[in-house]
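Only one structure is covered here, and it is reproduced in the block below.
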Amino acid sequence: MVGAHGITRVSSSLPSAPSLRNLDMGTRLLGPPTARGIKFGSSISIRAGALPSAPSLASESLLADSVRQDFPILHQEVNGHKLVYVDNAATSQKPLAVLDVLREYYESYNSNVHRGIHALSAKATDEYEAARRKVARFINAPSCRDIIFTRNATEAINLLAYTWGLTHLKHGDEILLSVAEHHSMIVPWQIVAKKTGAVLKYVSLTKDEVANMVQFKDVLSKRTKLVALHHVSNVLGSINPIEEVVEWSKRFGTKVLVDACQSVPHMPVDVQSLGVDFLVASSHKMCGPTGVGFLYGKSDLLQELPPFLGGGEMIAEVLLDHSTYAEPPSRFEAGTPAIGEAIGLGAAVDYLSNIGMQRIHDYEVDLSQYLYSELSAVPKVRIYGPSMEVERGRVALCTFNVDGIHATDIATFLDQQHGVAVRSGHHCTQPLHRHLGVNASVRASLYFYNTKADVDAFINGLKDTISFFSSYQ
């Protein structure tokens, strides 16, 4: 509920501690959780705090210290503790620059795009198409017409599956993935394979728990029509060698689709340098609004694809017995799009570009090393994915388990007793979790507005969590 002074209070109830044991990994409490004043199922109150003074970006030695004032949501208390938000692989927070643009759109020029000649429609159209150009520049696409706005990366993959997949795949063709893919990269191709008779093949992990590129090269053949691979794993934190994957795939004429949801927000991504045929990403993971994502595709490939959805905007001419279709990207954007959200994505791109993606990446490399080092030193913790010493390193997230304690218990305790927001569950990677031999895990994931103090608060909270649950074993 939002009060008269803009102070937000949120109340919710978490399940009681015993109900959290719905998977088979965790320990069971042997005594009442109220032993230390802990009340599972109690309401959560969140109150806004005062924003810190705004330092000059250029004068700050640490990137996070100079940008945190741009993110109002970070300056609040949760359950009596300063909020420590380390769930950025699930979604990022939004800077004022994005919030202001969204508000301006709805207050000043809310109108449908492309089909109106009045001033508001013209303004909305200009800003919507400007956002497309910004995204194209951000990933160095050859043309803004190579960018298709979608609801999210999931819809972008489905768009490709139902257009390219259904028209190019036939019985016996192969689609090559890894066991570490997000469900959004697996399920659409399972559906298409069932319809076409194509075969899904998966590469496993190495002993370092990264996608096995030796196996990848061995499996790749003239039967492989598509490689669908993540750039950065949302669980393992590993980075795939996409340039090499593209080079190997080209020898067989294989198309390459890359899930860049965990790379585009965190490092410079250049689709021309990578050489990929298709790439998807989501706005909400890169400081933009929810409800919009994008598909990049090489122009000649997009040009030959049939429509995904039918309706307004995607047509050239409609007759009673047939229709002709617009050129890309309009062909794939049927109906009224998420206008404000796309404009907000453009603002997020501006914000990130003004900081500099290389600067963000360099800062996060240092933060990643600190997170991995501190978490590795906690007894009973098992971190999944490669060590920091592997050739391509790892990004600023750690997915882990603690021996004898369920992942959901850890996340609940961290939230209610320390104000630390992490993610627990399978992170939309059930096949990967089965491969790792676990049902669930905890993930702490950082962004450029996080600090080493956030990492310290998370680690201290985790140690306290382990101490509490261990006292009942």
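Within the range 327-376, restricting attention to residues that are in contact with a Phe, Trp or Tyr (Cβ under 6 Å, 6 or more places away or on another chain) and of a type in the set (G, A, S), the residue that is nearest to A153 (Cα to Cα) is A342.
Scanning the range 324-357 for residues that are out of contact with any Gly (no Cβ under 6 Å at 6 or more places or on another chain) and among the small types (G, A, S) yields A326, S330, G340, A342, G346, A347, S353, G356.
If you check every pair at least six apart or on different chains, which have Cβ atoms under 8 Å apart with a residue in the range 277-302 that is free of Cβ contacts under 8 Å to residues at least 60 places away in the same chain first and a residue that is surrounded by 24 or more Cβ atoms within 10 Å (Cβ to Cβ) and among the hydrophobic types (A, V, I, L, M, F, W, C) second? Once the first residue is free of Cβ contacts under 8 Å to residues at least 60 places away in the same chain and sits in the range 277-302, its partners that are surrounded by 24 or more Cβ atoms within 10 Å (Cβ to Cβ) and among the hydrophobic types (A, V, I, L, M, F, W, C) give D277/L257.
Evaluation of L200 against the conditions (1) in contact with a Phe, Trp or Tyr (Cβ under 7 Å, 6 or more places away or on another chain); (2) crowded, with 22+ Cβ neighbours inside 10 Å shows that the sole unmet condition is (2). The condition of being more than 21 Å from the chain's Cα centre (by Cα) and at pLDDT 95 or above does not hold for T399. Scanning the range 299-321 for residues that are open to solvent by 50 Å² or more (accessible area, probe 1.4 Å), of a type in the set (D, E, K, R) and assigned to a loop (DSSP other than H, G, I, E, B), which turns out farthest from R68 (Cα to Cα)? Here the answer is D321.
From the list N450, N439, which residue is on the phi < 0 side of the Ramachandran plot, assigned to a loop (DSSP other than H, G, I, E, B) and either open to solvent by 20 Å² or more (accessible area, probe 1.4 Å) or among the small types (G, A, S) (or both)?
Every option except N439 fails the conditions.
Have a look at K134, K123, K195 and point out the one that is on the phi < 0 side of the Ramachandran plot and surrounded by fewer than 15 Cβ atoms within 10 Å (Cβ to Cβ).
On the way: K134 fails: surrounded by fewer than 15 Cβ atoms within 10 Å (Cβ to Cβ); K123 fails: surrounded by fewer than 15 Cβ atoms within 10 Å (Cβ to Cβ).
Just a single option satisfies the conditions, and that option is K195.
Take the conditions (1) under 20 Å from V349 (Cβ atoms); (2) of a type in the set (K, R); (3) touching a residue at least 24 places away in the same chain (Cβ under 8 Å); K123 misses just one of them, which is (3).
The values are calculated or read from the model by the stated rules, or taken from the named source; none is laboratory data. These numbers come from a predicted model, not from an experiment. Cβ sites come from the backbone with ideal geometry, for glycine too, and all protein chains shown count toward neighbours. Calculation scope for accessible area: heavy atoms of the full protein, side chains included, ligands and nucleic acids excluded. Shrake-Rupley method; radii C 1.70, N 1.55, O 1.52, S 1.80 Å.
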